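S.K.: Would you mind keeping the following structure in view while I ask a few things?
Values in this text are rule-based calculations from the coordinates and carry no lab data. As the structure is a computational prediction, the values presented were derived from the model and not from experiment. Here the Cβ is made from the backbone with ideal geometry for all residues, glycine too, and neighbour counts use every protein chain on show.
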Amino acid sequence: MIGLFDSGVGGLTVVRALLEKAPQADFVYLGDTARTPYGNKSPETVERYALEDAEYVIRHGAELVIVACNTASALALPKLQESFPNIPFIGVVKPAAQAAAALGGDKVGVIGTKATVNSGIYEKVVRKYAPGAKVIQKACPLFVPLVEEGMLDDQVTKIMIRRYLTPLRQANVSSLILGCTHYPFLKSSIQRFMGKKVKVIDSANVVIQQAMEEYPALFLPKQDPKQLIAFTDTSSNSDKLASSWLGRPVKGIKAELAPEPVRV
Ligand code: DGL
C-alpha cells in the first residue's frame, strides 16, 4: 500500500500520475483540506501537520509514504523520517530538482509557496546536481486558493499567472519547476504564458517515476485494488475537483487525525 498526503487537493496531481502508471496499485491519499494552505504557515506548524498526516496514511496501511506536497517535503522530511524510522518517505523536491538539472539549462525557474521558496531548498538541491545553474525563485501564494476554488480557467487566474511569472519569463529561464503540487492543475496556462521553449517540470510525474524505480513491488497490479481518498474536511468542491482531475467519480471519506502521532 502506497500512502500519499498533501495540504489539500494538490497532491491529487501525484495520484493522477500514479494512476496513469499503475492503475491497479493499492493507495491511500490524505488531503488536509481542513487546514490548507500550508504554504503560509511556520515551519513548526507544517512539521506538526505533516506528522499527523503521515500517521493517518500509515495507520491505514501505507508501507511507503510519498510526501505529495512540496511545502511538507521542504520543511518536514527529516522529522518524518526520524519519527517513523521503519517507513520510507519520498519527497517531491529532490526528483524535480534532479529532472531540472538533467535538462542542463543555465537558468532554472522555480515557483512554489512562500514556505517552500523561503526554505531555499530548491536552490540548494538544483545546484547540488547542476552546480553552474542559476536558480530564480518566485513565490505564488494565490495559486493554491485559486486551485482549491476550482478557478482553473478563470480570468483572475490568468492575471495572477501573468503577474507572478513575468519576471521569470523576462529572465529567460530554460526550465520551470512547478514546485507545488497544486500547480499542475494550471500547467497548460503556465506553459502557454512561458512559451514553448521553456520546459515545465511537473514534480508529480517525476516523484512517481522515482518511487516506482525504488519500490517496484508496491506498484504491481492488484486484483481488487484498495484505493482510498480521504480529506480532513469533506466538501462537494474537493470531490468535484478530484473527480474531474482523476477522470472517475470520487467521494472523499472524512479523515479523523490522531492528535498525537503514534510512533510505529
Ligand atoms: N500542494 C502543496 C505544495 O506542494 C501545499 C500548498 C499549500 O498548502 O500552500 O507545496
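S.K.: Could you list Leu75, Leu51 in order of exposure, starting from the residue whose Cβ has the fewest other Cβ atoms within 10 Å? Spell out each step's value before the answer.
M.R.: Working: Leu75 25, Leu51 21.
The most exposed by this proxy come first: Leu51, Leu75.
S.K.: What Kirkwood hydrodynamic radius, in Å, does the range 1-111 give when the mean of 1/r is taken over all pairs of distinct Cα atoms and then inverted? Can you show the working numbers first?
M.R.: On the way: mean 1/r = 0.0694 Å⁻¹.
Result for the range 1-111, one decimal place: 14.4 Å.
S.K.: Among Leu103, Leu220, Leu64, Leu186, which comes first, second and so on when ranked by fewest other beta-carbon atoms within 10 Å?
M.R.: Values: Leu103 13, Leu220 10, Leu64 21, Leu186 24.
Ascending number of Cβ neighbours within 10 Å: Leu220, Leu103, Leu64, Leu186.
S.K.: Using only Cα atoms and rounding to the nearest 10 degrees, what angle (0 to 90) does helix 93-103 make with the longest principal axis of the chain?
M.R.: 40 degrees
S.K.: Of Leu186, Thr13, Asn172, which is farthest on the positive side of the dipole of the chain, counting Cα position, with +1 on Lys and Arg Cβ, -1 on Asp and Glu Cβ, and the Cα centre as origin?
M.R.: It is Asn172.
S.K.: Return a whole-number percent for the relative contact order of the range 34-155, with Cα pairs under 8 Å and 6 or more residues apart as the contact set. If you can, show how the numbers build up before the last one.
M.R.: On the way: 151 pairs, mean separation 30.6, N = 122.
Relative contact order comes out at 25 percent.
S.K.: Calculate, in nm to one decimal, what Ser174 and Asn86 gain on full extension: separation in residues at 0.36 nm each, minus their alpha carbon distance.
M.R.: Details: separation 88, 0.36 × 88 = 31.68 nm, distance 3.93 nm.
In short, 27.8 nm is gained.
S.K.: How big is the C-alpha Rg of the chain next to the rule-of-thumb value 2.2 N^0.38 Å, as a ratio? It would help to have the intermediate numbers written out before the result.
M.R.: On the way: Rg = 17.2 Å, N = 264, 2.2 N^0.38 = 18.3 Å.
Compactness ratio reported: 0.94.
S.K.: By how many degrees, 0 to 90 and rounded to 10, does the Cα axis of helix 203-214 deviate from the longest principal axis of the chain?
M.R.: So the helix axis and the longest Cα principal axis differ by about 50 degrees.
S.K.: Roughly what angle does helix 70-83 make with the longest principal axis of the chain, taking Cα atoms, 0 to 90 degrees, to the nearest 10?
M.R.: 40 degrees
S.K.: Here is a follow-up. Neighbour counts of other C-beta atoms within 10 Å: give me Thr157, Thr116 arranged from fewest to most.
M.R.: Values: Thr157 19, Thr116 28.
Neighbour counts put them in this order, fewest first: Thr157, Thr116.
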